[in-house]
Structures are given as structure tokens and as C-alpha cells.
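Chemist: Before I ask anything, here is the structure I am working with.
Each reported figure results from applying straightforward, stated rules to the coordinates on display, with no laboratory input. Note that this is a predicted model, so its numbers are computed, not measured. Neighbour counts are summed over all protein chains in view; Cβ atoms, including those assigned to glycine, are modelled from backbone coordinates with ideal geometry.
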């Protein structure tokens, strides 16, 4: 499972870099926002999942 969390982290970093490097505001502002938002979302999700004890936190959230 850790492999997929690291993969999610790397995809998030790539999305964030692609979103930050794209400077064409006239044509692709929606794509840039998409990459930045999903990049941050993937990074935060993967870091939460990689924390020790994250299974208990997730099970508490699902059960409540």
C-alpha cells in the first residue's frame, strides 16, 4: 500500500509543478487551476495516508 501512497505523492508533485510552470493565462487558466488544486489535494492525501496511525484515523472517520 505504501507504494501507491508514494505514487500519489509523486503525481501530486508533478501536477503542482506543471501547474506552476504553465504561464499561458489566456488559454489554459482552468487547466492550471486543475493541476494546482489536484496536486495539493494528492500531496495532502498521500501525506495523511503515510502518517503512522493513519488507519485508525480513517477508520474513526468512516465509522462516525
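Chemist: Place a point 7 Å from Cα of residue 64 in the direction of its Cβ. Which residues in the range 32-55 have their backbone N less than 16 Å from it?
Modeler: 54-55
Chemist: Run the helix sum for the chain: -39,500 (n - 2.57) per DSSP H stretch of 4+ residues, divided by residue count, reported at 222 nm to the nearest 500 deg cm²/dmol. Walk me through the numbers on the way to the answer.
Modeler: Details: 3 runs with 56 residues, N = 64.
Calculated at 222 nm, the ellipticity per residue is -30000 deg cm²/dmol.
Chemist: Taking only Cα atoms, what is the 0 to 90° angle, nearest 10, from helix 25-50's long axis to the longest principal axis of the chain?
Modeler: Tilt of helix 25-50: around 20 degrees.
Chemist: I would also like to ask the following. Using the basic label-point model (7 angstrom from Cα toward the beta carbon), what is the residue 47 to residue 7 distance in nanometres?
Modeler: Placing both labels 7 Å along Cα→Cβ, they lie 2.2 nm apart.
Chemist: Among 12, 53, 39, determine the one that fluctuates most according to a GNM of the chain built with springs between C-alpha atoms less than 10 Å apart.
Modeler: Of 12, 53, 39, the Gaussian network model singles out 53 as fluctuating most.
Chemist: Still on this structure, I have one more. Identify which of the listed values of P(r) over Cα pairs in 10 Å bins from 0, in percent was calculated from the structure shown: [x] 23, 37, 24, 12, 3; [y] 13, 31, 27, 19, 10, 0; [z] 16, 19, 17, 15, 12, 10, 7, 3, 1.
Modeler: [x]
Chemist: Taking Cα atoms, how many degrees apart are the long axis of helix 54-63 and the longest axis of the chain, rounded to 10 and kept between 0 and 90?
Modeler: Tilt of helix 54-63: around 80 degrees.
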